[in-house]
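Read through the structure below, which is laid out as structure tokens, and then see the notes.
Values quoted throughout were computed directly from the atomic coordinates according to the rules given, and no laboratory measurement underlies them. This one's a predicted model, so the numbers in the text were calculated from it and none came from an experiment. Here Cβ is always computed from backbone atoms with ideal geometry, including for glycine, and neighbour counts include all displayed protein chains.
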Amino acid sequence: MSDFVRKFIGVLLILATVGVVSCQALAAPEPAALATPSVLSGPRG
Amino acid sequence: MTRFLWLTGAALLAIPLVLLLRRRLAIVAERYKHISRPSNPFGGLLMFLLPLPVLLAAIGSLLYGDLAGLFNHSVGYSLFLGGALLLRRGLRSEADYSRRQVAKMPWPFKTLGGGLIALATAAVAWTSAGHSPLMSVVYGLLAFLGCYLTYGLDPRIAKRFTDRDGIDSTDRVLEALAQAESSIAAIEQSIRNIHNAEINSRLRRIVGQARQILTMLEEDPRDLRRARKFLNVYLDGAKQVTEGYAKTHGRLNTPELENNFRQVLATIEEVFGEQRQKLLEADLTDLDVQIEVLTTQLKREGVV
């Protein structure tokens, strides 16, 4: 495998993992925001 | 699922842009290569840019008052940042290792950085992106593989040096080079405390000459024997005189002191220039001898 191909596949993998996971973290709705735990919000009523 | 596909498509579209950017940065780095650090200053930049959405997500969590999200995103981003810093340190160590003829085995910063980035990817995939633990581990392993393929592994052997008598003098060479480097750093530090433009420019020239000699010694440690006086006497002397002047001239600024210092600097500059010339001539002599030996051999074999 030539050096260029190896690096190209490596960059592709990094984009497909680190890049995608980072964007998903930004785009995903916060579970904590949807269902606020009682520990953080305190008792209601 | 649709969102995932959309994001993957966007990431794939970004590849040509990233490659174009890398090429552009390589051109800029090449332009400054001969006047700045020999290692690529943009090495590992990708690993600083890609996790930025996690930082934005942490800021978003802070704005919405989501404590758990803030904790998850902050930990994830810190791991990414730590990994990127280790990776960059590893790339610089590797560049220094490649440039030198004599070097110790560097710390495995690249491998550690890749491991930390893999951990960060798995952690963010699990806690922030909502993937299952198994899928998160797969993401982490693929990220590590990507780091390995892109940046490679750390060098695992020391470059040792044996002198003409067959004695291993690696530690002695490295110690001499480190001491010379620290003397140059001390002169650079003194320049910051001297507020005289003319003297500072002269000192910068001297530092430049000293660095050139040091680079020649790093490239061919056999020259160390020829440059022993430069390392032990002149460079150390230049450091002491400069430090002394930097301390004194603030309190006692007399024209006589300045003139004396100027004369010393002129002598140092001259001596450093001579030393550099001597090393170049020695290289030339070595080359002459090699050419002569080769010519004799070719004549003996009837080729010429």
Inset, instruction - Work out the mean other chain Cβ neighbour count within 10 Å for the residues of B:44-56 and drop it here as an integer. - result: 4
Legend entry - Signed unit charges on C-beta, dipole axis of the range B:37-151, positive-most listed residue B:GLY69, B:LEU149, B:SER136: B:LEU149
Inset, instruction - Quick one: net charge around B:LYS239, please, counting Lys, Arg +1 and Asp, Glu -1 for every other residue with C-beta under 12 Å from its C-beta. - result: -4
Legend entry - Shielding by other protein chains, B:114-121, mean Cβ within 10 Å: 2
Legend entry - Net charge over other residues, Cβ less than 12 angstrom from the Cβ of B:PHE109 (K, R count +1; D, E count -1): +1
Legend entry - Partner chain coverage, peptide B:64-74 - average Cβ within 10 angstrom: 4
Inset, instruction - Only Lys, Arg, Asp and Glu count, each charged at its Cβ (+1, +1, -1, -1), so figure out the dipole size of the range B:199-304 about its Cα centre, rounded to 20 debye. - result: 400
Inset, instruction - Excluding B:ILE191 itself, calculate the net charge of residues whose Cβ lies under 13 Å from the Cβ of B:ILE191, where each Lys or Arg counts +1 and each Asp or Glu counts -1. - result: +2
Legend entry - For the range B:227-304 versus the range B:67-114, the gap between their alpha-carbon centres in whole angstrom: 37
